[in-house]
Amino acid sequence: MARSSDEHFSFPILIGDIGGTNARFSIITDQHTTPRDFPIIQTANYATIDEAIQAGVLDKTSVQPVSAILAVAGPIRGDEIPLTNCPWVVKPLDMLANLGLSDVMIVNDFEAQALAIASLGDEDQIQIGRGESLQGHSKVVLGPGTGLGVAGLVHARHAWIPVPGEGGHVDLGPRSDRENEIFPHIERIEGRVSAEQILCGRGLLNLYRAICAADGVAPILTDPAEVSTSGLANENKAAAEAIRLFSTYLGRVAGDMALVFMARGGVYLAGGIPQKILPALKGPEFRAAFEDKAPHGSLMQSIPTFVVTHPLAALAGLSSYARMPGRFGVATEGRRWRK
Ligand SMILES: Nc1ncnc2c1ncn2[C@@H]1O[C@H](COP(=O)(O)OP(=O)(O)OP(=O)(O)O)[C@@H](O)[C@H]1O
């Protein structure tokens with residue numbers, strides 16, 4: 001554990017959320033001022049992350065950041081961190097040498113989402129169904145987007161401790177007769193159906209195709225956004241069923257994660273997809289599946305579920321952490337580099 005005198009970050013602090021497609025950056029100049037956001041950068045437009053930071057941030061301001069805290073999609077091991085779904089390799093030692101920084105910390109992107117849910121305002125979230133968040137109790141965040149990210153946020157020793165994991169890869173199985181008809185047609189990964197085979201953009205398409213195959217009809221939709229748009233508008237029968245079942249499975253997995261973390265503080269749906277299928281999540285399927293956890297039905301009824309609507313939730317999480325690292329139990333070993 002870092003000593004408390006080592007915990008803080010010197011201002012100005014560059015924060016960044018590096019996804020497969022988009023990279024978002026902000027600079028925090030001091031403890032109180034609102035962070036300055038920079039235009040979203042398409043990762044495909046730059047060969048390296050250092051070039052993107054130079055052109056997209058440093059060349060656009062006279063403020064020279066001293067510290068950087070970056071959230072990346074991918075495991076953080078060693079001094080060279082390759083990103084999932086993007087050819088960039090993050091090299092903190094090169095950043096210290098070339099970008100004028102003297103402190104670089106790299107965290108997991110879902111850890112940043114978890115940091116965000118510690119301090120979301122009411123305007124940044126929409127509640128689905130009943131339940132009430134209990135102060136100081138654990139929370140969970142699930143994010144169906146390009147993949148399915150999951151992280152817990154545990155409250156202990158007066159701090160919020162993010163627990164990043166691989167919860168998106170838990171097993172998912174059929175429960176009803178109808179699901180038994182559909183499941184044999186779900187594309188598998190090495191023989192099994194993990195939650196991510198269904199609960200992400202690619203997974204929604206996989207589910208739609210499996211429904212078509214179970215019913216012996218040819219699939220006509222080829223893109224996850226088409227499936228959700230036609231399904232929500234009830235223009236296509238298989239797509240409408242896919243969206244309802246997607247909501248059921250998301251409720252089921254969200255409920256499992258709530259049980260694992262005893263998340264009386266609430267379950268939060270982040271990632272790109274929940275906001276786009278909000279009307280479906282407000283339907284009966286999501287919450288019914290979430291609560292259907294005998295023998296813990298009444299516990300589940302008391303746990304609230306939210307869709308995160310903050311457009312830059314991960315950056316907001318990093319910003320809270322950057323300003324008050326002592327409020328969070330974020331491990332720094334092996335992922336903080338200093339001059
Ligand atoms: N309207 C929609 N309905 C369902 N899925 C959609 C919709 N629009 C986009 N998608 C799917 O959502 C996924 C992208 O999710 P998201 O926007 O969360 O990206 P991300 O994982 O955060 O990516 P990045 O790496 O850019 O941060 C893609 O699989 C895309 O096909």
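Scan Leu142, Leu93 and give me the residue that is out of contact with any Ser or Thr (no Cβ under 8 Å at 6 or more places or on another chain), closer than 24 Å to Leu299 by Cα and not charged (D, E, K, R).
On the way: Leu93 fails: closer than 24 Å to Leu299 by Cα.
Exactly one residue qualifies, and that residue is Leu142.
For Pro274, state whether it is within 20 Å of the chain's Cα centre (by Cα), assigned to a loop (DSSP other than H, G, I, E, B) and within 15 Å of the ligand (Cβ to nearest atom). No.
Can we say Asp17 is farther than 20 Å from Gly326 by Cα, more than 16 Å from the ligand (Cβ to nearest atom), among the acidic types (Asp, Glu) and touching a Phe, Trp or Tyr at 6+ places or on another chain (Cβ under 9 Å)? Against the criterion (farther than 20 Å from Gly326 by Cα, more than 16 Å from the ligand (Cβ to nearest atom), among the acidic types (Asp, Glu) and touching a Phe, Trp or Tyr at 6+ places or on another chain (Cβ under 9 Å)), Asp17 does not qualify. Taking residues in region 233-260 that are among the β-branched types (Val, Ile, Thr), and partners anywhere that are in a loop (DSSP other than H, G, I, E, B) and crowded, with 24+ Cβ neighbours inside 10 Å, the pairs with Cβ atoms closer than 7 Å and at least 6 places apart or on different chains are Ile243/Ile277; Val253/Leu199. At pLDDT 95 or above, under 26 Å from Pro325 (Cα atoms), touching a Leu at 6+ places or on another chain (Cβ under 8 Å) and among the small types (Gly, Ala, Ser), is that true of Ser10? Judged against the criteria, Ser10 is not a match. Has region 172-193 got at least one residue that is within 16 Å of the ligand (Cβ to nearest atom), in contact (Cβ under 8 Å) with a residue 12 or more places away in the chain and surrounded by 15 or more Cβ atoms within 10 Å (Cβ to Cβ)? So far as region 172-193 goes, no, none of its residues is within 16 Å of the ligand (Cβ to nearest atom), in contact (Cβ under 8 Å) with a residue 12 or more places away in the chain and surrounded by 15 or more Cβ atoms within 10 Å (Cβ to Cβ).
Residue-by-condition table, conditions (1) more than 14 Å from Met105 (Cβ to Cβ); (2) surrounded by fewer than 15 Cβ atoms within 10 Å (Cβ to Cβ):
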site	(1), (2)
Ser298	yes, yes
Val308	yes, no
Gly317	no, no
Met324	yes, yes
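Restricted to region 105-139, and to residues there that are of a type in the set (S, T, N, Q) and more than 24 Å from Ser298 (Cβ to Cβ), the residue that is surrounded by the most Cβ atoms within 10 Å (Cβ to Cβ) is Gln113.
Scan region 81-90 and tell me whether some residue there is modelled with pLDDT of 95 or more and of a type in the set (S, T, N, Q). Within region 81-90, none of the residues are modelled with pLDDT of 95 or more and of a type in the set (S, T, N, Q).
When the strands (runs of 3 or more DSSP E) confined to region 4-110 are screened for residues that are in contact with an Asp or Glu (Cβ under 9 Å, 6 or more places away or on another chain), those reaching at least 1 such residues are found at 13-18, 22-28, 67-72.
Which of the residues spanning region 208-225 are crowded, with 17+ Cβ neighbours inside 10 Å, assigned to a helix (DSSP H, G or I) and within 12 Å of the ligand (Cβ to nearest atom)?
Within region 208-225, the first condition is being crowded, with 17+ Cβ neighbours inside 10 Å, and the residues that meet it are 208-214, 221, 224.
Narrowing further to those that are assigned to a helix (DSSP H, G or I): 208-214, 224.
Tyr208, Pro224, listed by residue number.
Which is among the aliphatic types (A, V, I, L, M), touching a residue at least 24 places away in the same chain (Cβ under 8 Å) and part of a loop (DSSP other than H, G, I, E, B), of Leu153, Leu142, Leu134?
Sole residue among the options that is among the aliphatic types (A, V, I, L, M), touching a residue at least 24 places away in the same chain (Cβ under 8 Å) and part of a loop (DSSP other than H, G, I, E, B): Leu134.
The values are calculated or read from the model by the stated rules, or taken from the named source; none is laboratory data. Source: prediction; values computed, not measured. Because the Cβ atoms are built from the backbone with ideal geometry, glycine has one as well, and the counts that use them run over all protein chains shown.
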